[in-house]
Amino acid sequence: MLGAEQVILNPAALAALAAVALGAFALWANPARMINRVFFTGSLHVAAWLLCLELALLGDGGVFWVRMASAVGAFLPAHMWVLKESVQRIEGFWHVRRWWPAGVFGACLAVLCFTEWFIPGYSTPENRIRGWGFFVYTGGVVAMYLVLFGQTLWQARTTAGVRRLELQVLLLGGCAACFTVIALMIANAITHNPGFIYLQPVVVLVFYGGTAWTMLTARVFDAKHMLFLGMQKLCLAVAVALFIWSANELLVMIVPQPLAFLIAVGLGLWFAAEAGPWFRQVFDLDQMGESTRRAAFEAARRESRPERLEEAFLLLLKSWAKSDRAMILTCGEGRLRGGGLELPLDGPVASALRHLRWVTPERMARQKLDVSELELQAFMEREQVGVMVACGGQGLSVVLAIGVPVTRRPFTYPQVAQLVELSAIIESALERSHYSVKAQHAEQLATVGLLGASLAHEIRNPLVTIKTFVQLLPHHHQDPAFREKFFRLISEEVSRIDRLTEQLLDLATPRTYVAGELELHPVLHASLELVAAKAADRHITITTDFQARPDLVFTDATAAKQVILNLCFNALQAVEEQEVRWVRVATRNHEGAVQVVVEDSGPGISPDILPRLFQPFQSTKSTGFGLGLAICSDILAGLQATIAVDPPVAGRGATFRVNFPCQAS
């Protein structure tokens, strides 16, 4: 008899211990779940079979333990049948409806194992003889697995949701393991090579462990994706091995064998890196995720306003998930809001999200839940949410929630991983967009501050006129001509003041820019009115040369005014220290657009700052934050307009060119 140490070190004994540990972990993970309890009993069953196989290989009573291992294995199809029924949510181990025929048939095969028909008494380890009962036993077990395979396949075709995925995984893993073990038994009987028997524990451990982990883990997997992923890895490994072998065979003709092998391995690693994406494309792995990532980056680049960006992301998420409902919950005032939902950050749902980071109903069903996680599970059931992903650290700045897909299929872990990537892109884009809006508002307020002195001067002139006529009114009240002129001037001057204050408020108020068809020259005239007084106070000449005919453009009037005012104020500040002070604003038609040119007599733009000119915080002035041109660029990009600066030329000031499209993009 072999020592206990030798038995423990045998692969079959190690596989038995691993099976028991796996079953115990499944029971500990969620003892209330039927499938976990069945996995525990199944693990004990598999461990018993492996131990019998161990004793048959290494013990003194080899024939007895071969019979015992075969008898125990005869009941495995019945146990797998119970597992299949538990996946179908048919509760109760002893009340499962359709497993008893497999149990009765397995009992008959188990009895057959202890007869002379299975292994004759004169069979020896040196001359193993199998009777006709052995082949009847093998055929019966194969038949039970085939029936189980057919039943599982049929139920998977008529089942939806996570049950369908679990049945598919059961088909892929369980049946593959059983058929492989039977094939090894047949190969051993034909060749009398004990190596096939020694492979059985390894096969069982790999397939059974993989299947159990897939069905019990919080991560839901698609059997088709797993199959394609395995095939892709296998094909890649075979291709790399053939490449290394071929390279080594060629290189040994030129260099010594060790060096040839090292070079071949290096080339093989390069080949694996280059061929990996091609194999992924051939097996169609993650193609939807890649296209969705590109679409998310494109939306982040194209849209600059938070509301429009969020709308684009919601459409993208609905298309990706094939769901009618998607929500982006953002943090504000201690709550998560979005899509008609509102969650307090200090509540149990947000607390559970902060801890789990991502959650699906299937994950909640597969693990033990605390109080906050039970609240989250109830929330998802109530709102019909299929997946939620949180990002932003402990602050939960953004939470993505997607409704149950129209196909009713659960979200698998590869899909969850894709959604986690998308959430990072969405969080970054929304944060940048909100920051851009705040910076734009700050720049607008700064522009309003610069307009203060000019507007005070502009408003003072009509007020002086009104005051003069009011003082003369008592002496000329009876003069009809005076009264008519008085009423006309009062109306004109009040309208002028009203127009100036409206323009000031329009610039100071943050808004969503909406492009529409308008005439550009009146917008430019109104903008220049606001800077004319400031230019006159500093003895700066402003000239215009509006040659664009027609001047119809497709843009937003307030946005165009904001951009032109910013460029004009920059030009005024640039020429303040110059002897010759002038600013010129011109228009012309240019390739389906109206181009506005703003140039000055200042010192120009330094070549060092030119590549970063339209990035935030790039400024050569002693005041301000360098946000003006960056904000102008963002505003124009959202309206499909462009801004550029001419390369610096010695002796000339800066020249900016803004192209407003004549048609909607």
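If we keep just the residues of region 629-648 that are of a type in the set (A, V, I, L, M) and in a helix (DSSP H, G or I), which is surrounded by the fewest Cβ atoms within 10 Å (Cβ to Cβ)?
First, the residues of region 629-648 that are of a type in the set (A, V, I, L, M): 629-631, 635-637, 639, 641, 643-645.
Those still in the list that are in a helix (DSSP H, G or I) too: 629-631, 635-637.
Values: Leu629: 22, Ala630: 22, Ile631: 23, Ile635: 25, Leu636: 23, Ala637: 16.
My answer is Ala637.
Tell me which residues, restricted to region 550-574, are in a strand (DSSP E or B) and not aromatic (Phe, Trp, Tyr).
Leu552, Val553, Thr555
Among the residues of region 317-334, how many are in contact (Cβ under 8 Å) with a residue 60 or more places away in the chain and within 19 Å of Ser397 (Cβ to Cβ)?
Number satisfying all stated conditions: 7.
Search region 581-606 for residues that are in contact (Cβ under 8 Å) with a residue 24 or more places away in the chain and pair each with any residue that is of a type in the set (Phe, Trp, Tyr) and not in a loop (DSSP other than H, G, I, E, B) when their beta-carbon atoms are under 6 Å apart and the residues are at least 6 apart or on different chains.
Every condition considered, the pairs that remain are Thr587/Phe546; Ala593/Phe660; Val594/Phe660; Val598/Phe656; Ser601/Trp582.
Restricting to region 517-542, name every residue that is within 18 Å of Gln573 (Cβ to Cβ) and touching a Lys or Arg at 6+ places or on another chain (Cβ under 9 Å). Full working, then the answer.
So the first thing to find is which residues in region 517-542 are within 18 Å of Gln573 (Cβ to Cβ), and the list is 527-528, 530-542.
Matches in region 517-542: Ser527, Leu530, Ala535, Arg538, His539, Ile540, Thr541, Ile542.
Out of Leu376, Leu341, Leu356, I need the residue that is in contact (Cβ under 8 Å) with a residue 12 or more places away in the chain and either in contact with a Lys or Arg (Cβ under 7 Å, 6 or more places away or on another chain) or more than 30 Å from Ala26 (Cβ to Cβ) (or both). Which one?
After applying the criteria, what remains is Leu341.
Do any helices (runs of 4 or more DSSP H) entirely within region 228-341 hold 1 or more residues that are modelled with pLDDT of 85 or more, surrounded by 12 or more Cβ atoms within 10 Å (Cβ to Cβ) and of a type in the set (A, V, I, L, M), and if so, which?
Details: elements: 257-282, 287-302, 306-321.
In region 228-341, 257-282, 306-321 are the helices (runs of 4 or more DSSP H) which contain 1 or more residues that are modelled with pLDDT of 85 or more, surrounded by 12 or more Cβ atoms within 10 Å (Cβ to Cβ) and of a type in the set (A, V, I, L, M).
Do we find that Ala378 is crowded, with 17+ Cβ neighbours inside 10 Å and not basic (Lys, Arg) in this structure?
Spelling it out, it is not the case that Ala378 is crowded, with 17+ Cβ neighbours inside 10 Å and not basic (Lys, Arg).
Look through Ala664, Ala650 and report the one residue that is hydrophobic (A, V, I, L, M, F, W, C) and either at pLDDT 80 or above or in contact with a strand residue (DSSP E or B) (Cβ under 9 Å, 6 or more places away or on another chain) (or both).
On the way: Ala650 fails: either at pLDDT 80 or above or in contact with a strand residue (DSSP E or B) (Cβ under 9 Å, 6 or more places away or on another chain) (or both).
None of the other options fit; the residue is Ala664.
Condition check ((1) under 41 Å from the mean Cα position of the chain (by Cα); (2) surrounded by fewer than 19 Cβ atoms within 10 Å (Cβ to Cβ)) across all residues:
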site	(1), (2)
Leu520	no, no
Val523	no, no
Leu552	no, yes
Ala559	yes, no
Ile564	yes, no
Arg588	no, yes
Ser601	no, no
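The values are calculated or read from the model by the stated rules, or taken from the named source; none is laboratory data. Everything numeric in this text was worked out from a predicted model, so none of it was measured. Quick reminder, even Gly has a Cβ in these numbers, built from the backbone with ideal geometry, and neighbours come from all protein chains shown.
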